[in-house]
Structure formats: structure tokens, C-alpha cells
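The values are calculated or read from the model by the stated rules, or taken from the named source; none is laboratory data. This is a predicted model, so every value here is computed, not measured. All Cβ positions, even for glycine, are placed from backbone atoms using ideal geometry, and neighbour counts span all protein chains on display.
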């Protein structure tokens with residue numbers, strides 16, 4: 001008998017793996033460069049989701065859900081409150097890494113967009129088969 | 001179990017059914033305008049659902065995400081509308 | 001006093017959920033883009049504005065949230081006001097762009113003073 | 001009474017399943033504007049999933065970038081280049 005919580009987490013991970021496969025198909029086998037950029041953004045988001053799921057933590061009890069890594073009552077934090085916070089909070093390190101990765105992904109996407117614009121200006125097309133034909 | 005948690009537990013499946021119907025229209029829609037309209041309505045309802053869910057989970061800090069979601073889906077509307085009008089003027 | 005706020009808020013959230021479901025069904029049942037705008041209006045005002053107001057009222061009276069329930073109430077009212085302003089503006093911009101780009105024709109039409117060629121007189125229904 | 005954790009993670013699992021459909025159509029679709037719209041559906045569902053996984057700071061950054069800026073930039077690119085993907 002499998003735990004329903006484990007079943008749900010496994011279902012989310014399987015969906016993410018399927019998304020990763022579809023995005024890789026889009027990167028490798030679709031001819032248009034714009035479609036490749038869309039697939040690259042989907043791939044990056046899915047990889048970020050894996051990193052966030054790494055830091056997820058199960059609930060202590062139905063009354064005490066896992067909380068985001070923000071300490072609310074920092075003004076009068078006793079030792080017991082801090083111990084309960086560290087027992088319930090999710091891991092903040094993957095979230096900090098993902099925060100950086102999203103912003104870097106935006107910069108990479110902007111660079112790819114203007115590269116594609118320049119390719120269209122030089123060759124007059126965004127189809128990779130046409131571009132290969134023109135260069136050869 | 002108090003009344004708030006019990007009531008919201010029975011209200012969550014109604015929201016989920018509505019989201020599924022919105023996603024069906026957003027995938028099926030014959031034109032781009034239909035799809036954008038369905039995403040628009042769905043996202044405002046997701047923002048409302050997030051506020052309700054932050055009360056259900058008893059974590060107040062999660063509420064701030066609804067404001068950002070409601071603000072930026074408006075930007076998507078304006079981008080798509082501007083794109084459609086410009087195509088009409090260009091061709 | 002707080003029980004009254006909680007009951008009013010829960011009633012508003014329930015009304016919003018039911019309206020949301022009705023709007024989603026209408027979004028699938030209507031035939032035309034201009035008819036679906038009507039369902040989208042139901043879905044944004046009755047399905048998003050009203051539940052956020054209700055959730056804010058619940059948060060004011062709900063003790064387990066602690067001192068931060070005023071934060072939930074304030075953020076909820078700000079979000080509700082933004083939805084009330086932004087949703088009709090976005091829908092209107094989209095409808096105007098759709099009509100001017102001639103993507104969808106007006107199907108059950110009596111008179112279209114903006115563009116007579118878009119009008120299909122005596123359509124279905 | 002149903003376990004609240006199962007209910008909340010079930011919402012996340014539904015969002016993940018719907019995002020699979022949105023990603024499939026975003027990659028398969030030939031009209032590039034419709035592909036951008038499907039990408040916006042996927043971004044909204046991912047934002048809901050991040051909320052479920054208790055990462056509000058990620059949602060606050062991800063929603064402006066993925067719902068606001070990516071469609072704007074890619075629509076700009078499409079309007080400068082071409083609308084259809086050739087078979």
C-alpha cells in the first residue's frame with residue numbers, strides 16, 4: 001500500500017520528466033528557430049522545478065504545514081519558535097539558486113532572440129534547413 | 001476542525017473543475033483571441049484561488065503572489081492586442 | 001462579531017466558486033468570441049473580485065493566522081481593487097483589437113456601425 | 001475527512017498534468033503566436049505548482065519573467081520575422 005503523498009509527488013516528477021522529453025524533442029527536431037527558443041524556455045523552467053522539488057519537505061502533521069523560508073515573528077523569536085521554524089521550513093538554498101537561474105535564463109533568451117533577428121536579417125529566413133542550404 | 005477549513009475543503013474541487021474547463025477552452029479555441037480570453041479569466045481566478053489557499057494553509061506570506069499574478073496577466077492582454085492591431089495595420 | 005465576518009466571507013467565497021464554475025461552463029458553451037466575452041466578465045468580476053473580498057473578510061476574523069491577518073486583508077483588498085480595474089480594461093483592449101483585425105465576424109448581428117462588412121445579418125438565433 | 005496535504009499536492013499534480021498538455025501543444029503547434037499562448041498557459045500552471053511547493057519568492061520572480069517578458073520578447077521576434085513554421 002503506497003502512501004498517497006508519495007504517489008502525488010511521484011506523479012508530479014513523472015509529469016516533469018515528460019515535459020523535459022517534449023522540450024528536448026522541440027529543441028532537436030523542430031526546424032524553426034523561434035520554436036527552438038520557446039522549447040529552451042520550457043526546458044529551463046522544468047529543470048528549475050526539479051531543483052525546487054529537491055527542497056520540498058513533508059508536513060509535520062495536518063495542522064502544521066511546511067512553510068516558506070520566511071521567518072515571520074522575528075521580533076520576539078524564542079528558542080522554541082526557532083526550533084519549530086527549522087523543523088517546518090522548506091530548504092531555502094535551491095530556491096536561491098533557482099532565483100538566480102531564472103534571471104540568467106531571461107538574459108540568455110534575450111541574447112538568442114537578437115541572434116535570431118540577425119540571422120533573419122542576413123539570410124531572410126529562420127528555418128534551419130534553409131540556412132544550412134544557403135551556407136553550403 | 002473549524003468551519004473555515006471544512007468549508008474551503010468543499011469549495012476547492014469547484015475551483016479545480018472550473019480551471020479544467022477553462023484549460024479545455026484555452027486549448028481548443030478556434031482563434032487566438034479565444035485562447036487569450038480563456039487564459040485571462042483563468043489567471044484572475046487562479047489569483048483569487050491563491051488568496052483562498054493561503055487562508056486554508058494558514059500561511060499569510062503567500063498572499064502577495066496574487067497581486068503580481070493579477071498585474072502581469074494584464075500585460076499579456078495588452079501585448080496580444082497590440083500585436084493583433086499592428087498586423088491589421090501592416091498588411 | 002468575528003463570527004459574522006467569517007460567515008459573510010465564506011458565503012462570498014462560495015458564491016465566487018459557483019460563479020466561477022458557471023462562467024467556465026459558459027466559456028465552453030457559447031459559440032462566438034463576442035458571446036464568450038460575457039462569460040469572461042462573469043468569471044473575472046463574480047469569480048475573482050468577490051472571492052478575494054470574501055477571503056479578506058475571513059482573514060480579518062480568523063484567529064489562527066495571528067497578527068499577520070491584517071496583512072492578508074490588506075493585500076487581498078489591493079488585489080481585488082487591481083482585478084476590478086484591470087480585468088475590464090484588458091477584455092476591452094482584446095475585443096477592440098479582435099474587431100479591428102477582422103479575426104472574428106459578428107454572428108448574431110443587428111447593426112454594426114463600426115464596420116458593416118463584419119456583420120452577418122440573421123445568423124443562427 | 002480528507003488529508004489536507006493530499007488535497008494540496010493533488011492540486012499540484014493536476015497542474016502538472018495540465019502543463020504536459022500545454023507543453024505538447026506548444027511544441028507541436030505550427031502557428032507561432034498560438035505556441036506563445038500555450039507557453040503562457042504552461043507558465044501560469046508552473047506558477048501554481050511553485051506556490052504549492054511553498055516557494056513564494058520564486059513565484060514573485062517567475063510570474064513577471066515568464067508571463068510578462070517572455071511573450072513580449074518572442075512576440076516582438078515573431079512580428080519582425082515570420083508567423084508560420086514551415087513543415
Task: Residue list for the stretch B:68-85, filter: facing chain C (nearest Cβ under 8 Å), within 13 Å of the chain's Cα centre (by Cα) and touching a residue at least 12 places away in the same chain (Cβ under 8 Å) - done: B:70, B:73, B:77
Open item on the list: Just to be sure before I move on: is residue A:40 at negative phi and surrounded by 16 or more Cβ atoms within 10 Å (Cβ to Cβ) in the structure I sent?
Closed with: yes
Open item on the list: Which condition from (1) more than 19 Å from residue A:70 (Cβ to Cβ); (2) more than 10 Å from chain A (Cβ to nearest Cβ) is the one that residue D:29 breaks?
Closed with: (2)
Open item on the list: Would you confirm, using the coordinates I've provided, whether residue D:18 is in contact with a helix residue (DSSP H, G or I) (Cβ under 6 Å, 6 or more places away or on another chain), facing chain A (nearest Cβ under 7 Å), assigned to a helix (DSSP H, G or I) and closer than 23 Å to residue B:30 by Cα?
Closed with: no
- [ ] Say whether the condition of being more than 7 Å from every other protein chain (Cβ to nearest Cβ) and part of a helix (DSSP H, G or I) is met by at least one residue in the stretch D:56-64.
- [x] no
Open item on the list: From the list D:46, D:70, D:51, exactly one residue is more than 7 Å from chain A (Cβ to nearest Cβ) and either crowded, with 21+ Cβ neighbours inside 10 Å or part of a helix (DSSP H, G or I) (or both). Which is it?
Closed with: D:51
Open item on the list: Among the residues that make up the stretch C:98-112, is at least one of them under 11 Å from the mean Cα position of the chain (by Cα) and either surrounded by fewer than 16 Cβ atoms within 10 Å (Cβ to Cβ) or modelled with pLDDT under 90 (or both)?
Closed with: no
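Per-residue answers, yes or no, for (1) facing chain C (nearest Cβ under 8 Å); (2) touching a strand residue (DSSP E or B) at 6+ places or on another chain (Cβ under 8 Å); (3) assigned to a helix (DSSP H, G or I):
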residue	(1), (2), (3)
B:30	no, no, no
B:36	yes, no, yes
B:39	no, no, yes
B:64	yes, no, yes
Task: Only one of A:27, A:38, A:12 that is within 17 Å of the chain's Cα centre (by Cα), more than 27 Å from residue A:128 (Cβ to Cβ) and in a helix (DSSP H, G or I) - done: A:12
Open item on the list: For residue C:35, only one of the following conditions fails: (1) touching a helix residue (DSSP H, G or I) at 6+ places or on another chain (Cβ under 8 Å); (2) surrounded by fewer than 24 Cβ atoms within 10 Å (Cβ to Cβ); (3) within 30 Å of residue C:109 (Cα to Cα). What is its number?
Closed with: (1)
- [ ] Identify all residues within the stretch A:109-127 that are touching a residue at least 40 places away in the same chain (Cβ under 8 Å) and either under 27 Å from residue D:43 (Cα atoms) or facing chain D (nearest Cβ under 8 Å) (or both); write none if there are none.
- [x] A:109, A:112, A:113, A:116, A:126, A:127
- [ ] Mind telling me which of the residues C:21, C:35 ends up being farther than 22 Å from residue C:94 by Cβ and either in contact (Cβ under 8 Å) with a residue 60 or more places away in the chain or over 10 Å from the mean Cα position of the chain (by Cα) (or both)?
- [x] C:21
Task: Leading residue by the ranking (farthest from residue D:64 (Cα to Cα)) among those in the stretch A:87-107 that are without any contact (Cβ under 8 Å) to a residue 12 or more places away in the chain and in contact with a helix residue (DSSP H, G or I) (Cβ under 8 Å, 6 or more places away or on another chain) - done: A:99
Open item on the list: Could you check the stretch B:41-63 and list, in sequence order, the residues that are over 16 Å from residue C:58 (Cβ atoms) and at pLDDT 90 or above?
Closed with: B:41, B:42, B:43, B:44, B:45, B:46, B:47
Task: Residue under evaluation residue A:133, criteria (1) farther than 11 Å from residue D:81 by Cα; (2) at the interface with another protein chain (Cβ under 9 Å from one of its Cβ atoms), criterion not met - done: (2)
TODO: Give just the number: which of (1) at the interface with chain D (Cβ under 9 Å from one of its Cβ atoms); (2) out of contact with any helix residue (DSSP H, G or I) (no Cβ under 8 Å at 6 or more places or on another chain) does residue A:84 not satisfy?
DONE: (1)
Open item on the list: Looking at the stretch C:6-25 only, could you name the residues that are more than 7 Å from every other protein chain (Cβ to nearest Cβ) and surrounded by 18 or more Cβ atoms within 10 Å (Cβ to Cβ)?
Closed with: C:9, C:12, C:19
